[in-house]
1. Only one of 238, 174 is surrounded by 13 or more Cβ atoms within 10 Å (Cβ to Cβ) and modelled with pLDDT under 80; which?
2. Looking at residue 7 and the list (1) in contact with a strand residue (DSSP E or B) (Cβ under 9 Å, 6 or more places away or on another chain); (2) at pLDDT 85 or above; (3) loosely packed, with under 10 Cβ neighbours inside 10 Å, which single condition is not satisfied?
3. Which one of these does residue 197 not meet: (1) on the phi > 0 side of the Ramachandran plot; (2) out of contact with any strand residue (DSSP E or B) (no Cβ under 7 Å at 6 or more places or on another chain)?
4. Look at region 119-135 and say how many of its residues are touching a helix residue (DSSP H, G or I) at 6+ places or on another chain (Cβ under 9 Å) and buried (at least 18 other Cβ atoms within 10 Å of the Cβ).
5. Step by step: first the residues of region 44-69, then only those that are of a type in the set (S, T, N, Q) and in a helix (DSSP H, G or I), then the one that is nearest to residue 283 (Cα to Cα). Which residue is that?
6. Scan region 236-245 for residues that are in a helix (DSSP H, G or I) and under 15 Å from residue 200 (Cβ atoms) and report the count.
7. Give the number of residues within region 85-101 that are in a helix (DSSP H, G or I) and charged (D, E, K, R).
8. Filtering region 269-283 down to residues that are free of Cβ contacts under 8 Å to residues at least 40 places away in the same chain and either surrounded by 12 or more Cβ atoms within 10 Å (Cβ to Cβ) or in contact with a helix residue (DSSP H, G or I) (Cβ under 6 Å, 6 or more places away or on another chain) (or both), which residue is nearest to residue 247 (Cα to Cα)?
Amino acid sequence: MRKRGTSGARSEKPVYRGETFDFDGQDGYIEVYPDWDNRFIQLVLIAVVLGLVMSFSASYPLASRPDRDLVPGDAFEIFRMHLVHAIVGLAFMAMAARLQPRHLERLSLPAFVVTLGLMGATTIIHLAKGTTTRGSLQFLHLGPFNVHPAEFAKLAYVVYLASLLSQGPWTGRASGPLRRRVIGATAALCGLLFLQRDQGMMVLVFCIGLALCFLSGMRWSHLVAVLLGGACVAAIPALMDAERRERILAWLDPVSYRDGAGYHILSMLVATARGGLDGVGLGLSPEKWR
């Protein structure tokens with residue numbers, strides 16, 4: 001909301017809601033711009049509801065399958081689990097929304113350090129035991145719960161980087177310490193993700209950090225140079241690792257890898273061929289019954 005005194009014609013900027021007032025003996029008005037926070041919350045809620053609907057549509061055939069004793073399964077089992085997770089996530093979102101930005105800024109560095117420590121501990125535990133979870137070293141098993149510290153580290157990283165970049169522009173002589181802290185935080189998180197064999201999230205974190213730096217004033221030439229350098233660095237381990245190399249080759253020729261890395265690509269092509277871009281209808285795809 002912004003209060004302005006006027007002595008003549010009003011501003012050409014749109015006024016979504018207005019309220020007149022007396023300002024130093026002159027008529028004025030208050031410009032109230034849309035409440036973008038509520039609009040973003042509405043978008044989040046819509047995405048959550050759509051996700052739950054799509055999750056149930058895709059999971060109820062698997063959940064309904066009978067067990068070894070031919071006892072029918074519960075079609076809502078997976079949906080209920082996702083619903084509980086969504087409710088817990090929305091509750092945490094509501095609590096986080098009540099925090100002041102300065103409090104988030106103070107908590108960002110300790111939260112980032114703690115989550116990095118959890119990622120390091122998870123990696124060490126997996127390497128010591130010689131175990132993996134779907135080929136990665138990301139999940140920390142705490143009794144009945146499987147915790148993914150990298151997801152919390154990614155959130156803390158974004159808040160910490162935003163707090164750093166709000167202290168000053170990216171360019172300039174006085175911004176050297178700022179740049180070093182940003183590069184150090186990005187390198188630490190990306191390095192741990194690489195050790196945990198999650199190159200996809202590593203690339204995502206790198207792009208998020210680069211986008212924040214660009215919004216803070218990074219030049220186009222530096223942006224392009226960092227992107228090209230990062231792509232070359234990321235391509236080296238992708239081509240050296242047999243599993244990652246197979247995924248790249250499967251993307252180029254999925255038919256030759258139809259029983260392995262190309263299975264999902266072929267499934268998407270078949271689904272697109274059957275229903276086009278808008279699909280055959282909610283719940284009507286035959287692929288999930290396989």
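The values are calculated or read from the model by the stated rules, or taken from the named source; none is laboratory data. Bear in mind that the values here come from a model prediction, so they are computed numbers and not experimental data. So basically every Cβ, Gly included, is an ideal-geometry build from the backbone, and we count neighbours across all protein chains shown.
1. Numbers: 174 fails: surrounded by 13 or more Cβ atoms within 10 Å (Cβ to Cβ).
From the options 238, 174, the qualifying one is 238.
2. (2)
3. So the condition that residue 197 fails would be (2).
4. Looking only at region 119-135, we keep the residues that are touching a helix residue (DSSP H, G or I) at 6+ places or on another chain (Cβ under 9 Å), and these are 119-123, 127, 131-133, 135.
Next, only the ones that are buried (at least 18 other Cβ atoms within 10 Å of the Cβ) stay: 119, 122-123.
Number of matching residues: 3.
5. Taking region 44-69 first, the residues of a type in the set (S, T, N, Q) are 55, 57, 59, 64.
After this cut, where a residue has to be in a helix (DSSP H, G or I) as well, the list is 55, 57, 59.
Numbers: 55: 10, 57: 5, 59: 10 Å.
Ranking the candidates gives 57 first.
6. Within region 236-245, the first condition is being in a helix (DSSP H, G or I), and the residues that meet it are 236-240, 242-245.
Applying the additional criterion that residues be under 15 Å from residue 200 (Cβ atoms) yields 237-238, 243-245.
Residues in region 236-245 being in a helix (DSSP H, G or I) and under 15 Å from residue 200 (Cβ atoms): 5 in total.
7. First, pick out the residues of region 85-101 that are in a helix (DSSP H, G or I): 85-97, 101.
Still in the list and also charged (D, E, K, R): none.
Residues that pass the stated criteria total 0.
8. Step one: filter region 269-283 for residues free of Cβ contacts under 8 Å to residues at least 40 places away in the same chain, giving 269-281.
Restricting the remaining residues to those that are either surrounded by 12 or more Cβ atoms within 10 Å (Cβ to Cβ) or in contact with a helix residue (DSSP H, G or I) (Cβ under 6 Å, 6 or more places away or on another chain) (or both) gives 269-271, 274-275, 279-280.
On the way: 269: 16, 270: 19, 271: 20, 274: 25, 275: 26, 279: 26, 280: 28 Å.
The residue in question is 269.
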